Protein chains: 2
Amino acid sequence: MTYTVPLADIRFVLKSLAGLDQVLAQPGFEDVSPDLVDAILEENARFVEGVVAPLNRAGDMHPPTWRDGAVTTSAAHVEAFKAYAAGGWQGLQHPAQWGGQGLPKVVAACANENINAASLAFSLCPLLTDGVIEALLTVGSEQLRQTYVPKLVSGAWTGTMNLTEPQAGSDLALVRTRAVRQDDGSYRLSGQKIFITYGEHDLAENIIHLVLARTPDAPAGVKGISLFVVPKFLVTAQGEPGARNDVWCASLEHKLGIHASPTAVLLYGSGKGEVGEGAVGYLVGEENRGLEYMFIMMNAARYAVGQQGIAVSERAYQQALAYARERVQGRAIEGSAGPVAIAHHPDVQRMLLTMRALTEATRAVAYAAAAARDLAVHHPDADTRARNQAFYEFLVPVVKGFSTECAVEVASLGVQVHGGMGYIEETGAAQHYRDARILPIYEGTTAIQANDLIGRKLLRDGGATAQAMLEAMGGTAAELDAEAAAAQAAGQQEDAAAIGLLRDNLRRAMHAQAEALGFMRNQAAGNVRAVFAGSVPFLMLTGVLHGGWQMARAVLACRKMARAGEGDAAFLQAKQATAFFYGAHILPRAGALGAAVRAGDIVDTWAARANIT
Amino acid sequence: MTYTVPLADIRFVLKSLAGLDQVLAQPGFEDVSPDLVDAILEENARFVEGVVAPLNRAGDMHPPTWRDGAVTTSAAHVEAFKAYAAGGWQGLQHPAQWGGQGLPKVVAACANENINAASLAFSLCPLLTDGVIEALLTVGSEQLRQTYVPKLVSGAWTGTMNLTEPQAGSDLALVRTRAVRQDDGSYRLSGQKIFITYGEHDLAENIIHLVLARTPDAPAGVKGISLFVVPKFLVTAQGEPGARNDVWCASLEHKLGIHASPTAVLLYGSGKGEVGEGAVGYLVGEENRGLEYMFIMMNAARYAVGQQGIAVSERAYQQALAYARERVQGRAIEGSAGPVAIAHHPDVQRMLLTMRALTEATRAVAYAAAAARDLAVHHPDADTRARNQAFYEFLVPVVKGFSTECAVEVASLGVQVHGGMGYIEETGAAQHYRDARILPIYEGTTAIQANDLIGRKLLRDGGATAQAMLEAMGGTAAELDAEAAAAQAAGQQEDAAAIGLLRDNLRRAMHAQAEALGFMRNQAAGNVRAVFAGSVPFLMLTGVLHGGWQMARAVLACRKMARAGEGDAAFLQAKQATAFFYGAHILPRAGALGAAVRAGDIVDTWAARANIT
């Protein structure tokens, strides 16, 4: 159950698919050389493999404990978090002026993927802290930034997001937590928040909660929600933790997975602190704009959860592969003297290749999106920035929705590869299956992602961004035409056949998306329910297609490198094999998903007769 | 978290799709009237809803405990099992001469599905006892039958299957447990068996283990395995439990799910009983034919596990539907005054309909298979018997493989419908997700089922059985043509559109299977690995197709009933809606699966280059 950072694939995707060189050439990254990126990735690998990965199983078996409002994590967990902070890992993607390292998002993405693979439950704490830092840097006052950001970036303090209440999950219009303005400009908060990840713990000196709440005179619905900073301990004039605030952990949830991360019920204003009645909070930005601010951060947080999907997929794959190479059972179907390692059996290969193809494809899509975000922020040309921002925003719900749904599939296959041993908790494969299941739910369910993709990202521009991507994919398909012909001419029959199949299935998937787009454009005005009856299938279709596109680009890059004598020959062959498998087994899903989308009107008509509502 | 037996759907499938009347008309069922079947189903529903269903969550939270070789289950579990035995439920499908009720398999299938839905973990004990009874009745000597079968049928004793050893899971050729013949004709067994479900417990007076082992002079491999009966307590001349045998529970496994069922490591011949060294066992049938005997029972056991898949799907669906109707969150996409129940949202409907469509389709396939088995045993005409036996045998790996894979998908969707609440163990949705995960593994993984489907059931007769089914499906498609035309003529546009889509997607799925069959026939001689590279996709394709066929037959039956003024109008509408959803969202998967099958040669060629083996 060790974990090895997949550095070869990460480097290949960074350089050959995400365009790292172009990112590093932008203003602002003058001090970031390719060598520095390499060095950081290697140091990151050492840290997560040596310090974090060993925590994963132990943390699952020994979750944090709650007593009288305090939460105790294991000593190993505390030590690892201290090492994380000391290593400066929290600051990787944050600006140098706040103590960070100011690296491109695409580089931070690699490091974040790895630490999540090492331990999803551990990494949730830094993930949420990143969100709080980003919120404060984006909309916080100078005073809030000065008070909180350096301590968060250094890992001395950690952050949380407090959105959910018992009656308000996906629907934040229903938030009831109250915030009453005081004479000194601060607020007093009262209410109950649930599902607060790392809402209470002993890893750091202070916990900074970002809380959605309503002021007494706020309008109803989502336009009356404000955003507040509520520290666990008020911060003294010297910048150190002072009086205990009136935010209290009432209990921890008993969850299916990610056991090592404490999920808290938090009570605001229960009178248990040292500050009198009501938790002291500080407004972020302006009143009633809280949800708008949350949406600004949402893309980053959703992207980060999408990466968690890739991470757990990678870890489940590595574990299944190791077991399949070691477990000897059954003779080869084509005949063998004795039993062979199960990795030799065709269906075990199918499962392992499915796991690997989905992992590598979702990684490539995610890194391409991160690189686009870097260009959207740093490129000197406004049109290029806008185009890249549109590309990034389009892909965020896909990275979140598709990568996490794939993670559930991959982790499930990981159990299956282990056979009966996979069902025994000590093996560890079951943990990935349990851990992965939260990913398509938190930070917006897959349906919420699909609504975002269709409502905001797709129909907003009439499908122009999606159309532009289809055109770019057409270019890739044309390159595959040439590559297949070249392979044929060179007498490489097996290569030509595989390239041809990948190209055909890519074109079929493009066609499926184009048809689905057409259906949705036609129905959008008259029958919006028909569109949303296929929203998740459309998101999955988009993920399948973009994964296929990146895998097709990978084949072209591999063959170019091989011709130039660059790279490791075995890696280039294996990468192509995975891409061809994706073309054969995964890309055809696009047809099935597209058919489901296009049946939206019939499905919606009959759903009403199905006694469901 | 209550459970209600889906009697309306069960009755509809029994009568309109599985042909209950034809089954009851066969010799041997003279005493079984449709009214008796109805009465049994109703009594069964009362029992499982009232006695077994409430155990499910409690059993998950309070698993049996082990101490010094003894296993203690909860008092409620013991009481429920006594009630199960007292109610005569164990004997439902067993012959009257052995104390059973001699009901058709298709009727027993309904009852078994329900008790599994009430509690998978509880029902595993009767399921395994059924297997031991069937083994003894099929190949046991008269003395073995007389000694054990009446006590097993009455539920006084329970049974287990002891196949697996640490090095021998799917590959039983590797079994090492030894059995040495004694002068009195009995044997002494020694060795270790793992993953023995209900291998030790306190529910019954005695436990009868069926054990695979090797005699000292047995040939190597699968042809040297014999089958033994090893009782926990030797049976006295009076037929009562006597001396404690030398079979000992060394520990229980810590599993992902089905917590209430104790999974034992059993030591044979560790010298802990009252019989001296070695567990006393009795040969079943002849030496070295153990695996052959296991295969005789295999179809029944695999069928039963397939039913477990349907059962957990039904339970997960009911729970998700109840939550979705109750949970208010978000406005309607088409506009609403305030938030609505989430069951109104299109994507929640998609998830619920996917769950329901897969559940109902797998149920229909399973009951049709069971009815065929009844005809194969009881029909007076030899050709009809043979044809039905071929149909049944073809479908057993599909019922096992497809229904259980669907159960994992359905249980996962059940968690998703619950959102964040689904991830909290107290909600209970996560239990189904954990419980379901063993189903595609035990009693032969999905890959083992696929090997059976392709190697034994498909290629053996050159695909003739599959071809005959495709022809029957063609008849159903033609009936849909007429039905669509009739709906159109009657001005029922929505009906006509839905029927037309179901028909088109059924035909496409048939075409996908025919193409896949063609590929496999072509490759079978020259490249067997290319065939097995797509074995599981082929099994899934077959399941998708057969499910679609049964759902199409359901539409025709519903509309016929509606025209005749029979049945409940709301049920008939809802059933059709589910079938149309299946046609729109599930049947198109056949195309994707078929494409994967047909790429078997390319996939196999490149898999070898993927650094997997």
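Bear in mind these aren't lab numbers, they're just calculated from the coordinates by the rules spelled out. Bear in mind that the values here come from a model prediction, so they are computed numbers and not experimental data. Here the Cβ is made from the backbone with ideal geometry for all residues, glycine too, and neighbour counts use every protein chain on show.
When only alpha carbons are used to place a centre, the range B:32-53 and the range A:458-498 end up 59 Å from one another. For the range A:462-608, averaging the sequence separation of C-alpha pairs within contact (under 8 Å, six or more residues apart) and dividing by the residue count gives a relative contact order of 34 percent. Compute the FRET efficiency between B:A70 and A:T65 as 1/(1 + (r/R0)^6), taking r as their Cβ-Cβ distance and R0 = 41 Å, and round to the nearest 0.05. Efficiency for this residue pair is about 0.85. Averaging the sequence gap over all C-alpha pairs within less than 8 Å and six or more residues apart, then dividing by the number of residues, gives chain A a relative contact order of 13 percent. Here's the picture: a label point sits 7 Å out from the Cα of A:S336 along the beta-carbon direction, and within the range B:190-229 the residues with their amide nitrogen under 18 Å of it are B:221-222. Compared with the dominant Cα axis of chain B, that is its longest principal axis, helix B:569-581 is turned about 90°. Beyond 29 Å in Cα-Cα separation lie the following of the pairs A:K15/A:K400; A:K255/A:K457; A:K151/A:K457; B:K15/B:K457; B:K151/B:K457: A:K255/A:K457; A:K151/A:K457; B:K151/B:K457.
For the charge dipole of the range A:87-191, defined by +1 on Lys and Arg C-beta atoms and -1 on Asp and Glu C-beta atoms about the Cα centroid, which residue among A:L127, A:W98, A:A117 has the Cα displaced farthest towards the positive pole? The residue sitting farthest along the positive end of the dipole is A:W98. Quickly estimate the mean residue ellipticity at 222 nm for chain B, helices only: each DSSP H run with n ≥ 4 gives -39500 (n - 2.57), and the total goes over all residues, rounded to 500. Only helices count here, giving -18500 deg cm²/dmol.
Shown for A:T236: label points 7 Å from Cα along the beta-carbon vector, and their distances to the equivalent points in the other copies, 8.1 nm in ascending order. Remark: the range A:480-613 carries a charge dipole of roughly 280 debye about the Cα centre, counting +1 on each Lys and Arg Cβ and -1 on each Asp and Glu Cβ. Helix A:142-154 and the longest principal axis of the C-alpha atoms of chain A enclose an angle of approximately 50°. Taken along the Cα-to-beta-carbon direction at a fixed 7 Å, the label points for A:D184 and B:A382 span 9.9 nm.
Simple rule: put +1 on each Lys or Arg Cβ and -1 on each Asp or Glu Cβ in the range B:462-608, find the dipole, and look at B:A608, B:T578, B:G462; the Cα lying farthest toward the positive end is B:A608.
Cα centroids of the range B:545-613 and the range A:54-99: 47 Å apart. Can you spot the lysines whose alpha carbon is less than 22 Å from A:K272's alpha carbon? Ignore those fewer than 8 places along the same chain. Hits, sequence-local ones excluded: A:K193, A:K232.
Relative to the other identical copies, B:K560 shows label-point distances of 6.2 nm, where the label point lies 7 Å from Cα along the Cβ direction and values run shortest first. For the pair the range B:262-310 and the range A:100-142, the centres of their Cα atoms are 54 angstrom apart. When both bridge partners sit in chain B, DSSP labels roughly 80% of those beta bridges antiparallel. Electrostatic tally near A:L375: other residues with Cβ closer than 14 Å to its Cβ, Lys and Arg +1, Asp and Glu -1, net -1.
With label points set 7 Å from Cα along Cα→Cβ, the inter-copy distances at B:D21 are 7.7 nm, sorted shortest first. Quick check: the angle from helix B:290-326's long axis to the longest principal axis of chain B, C-alpha only, nearest 10 degrees? It works out to around 50 degrees.
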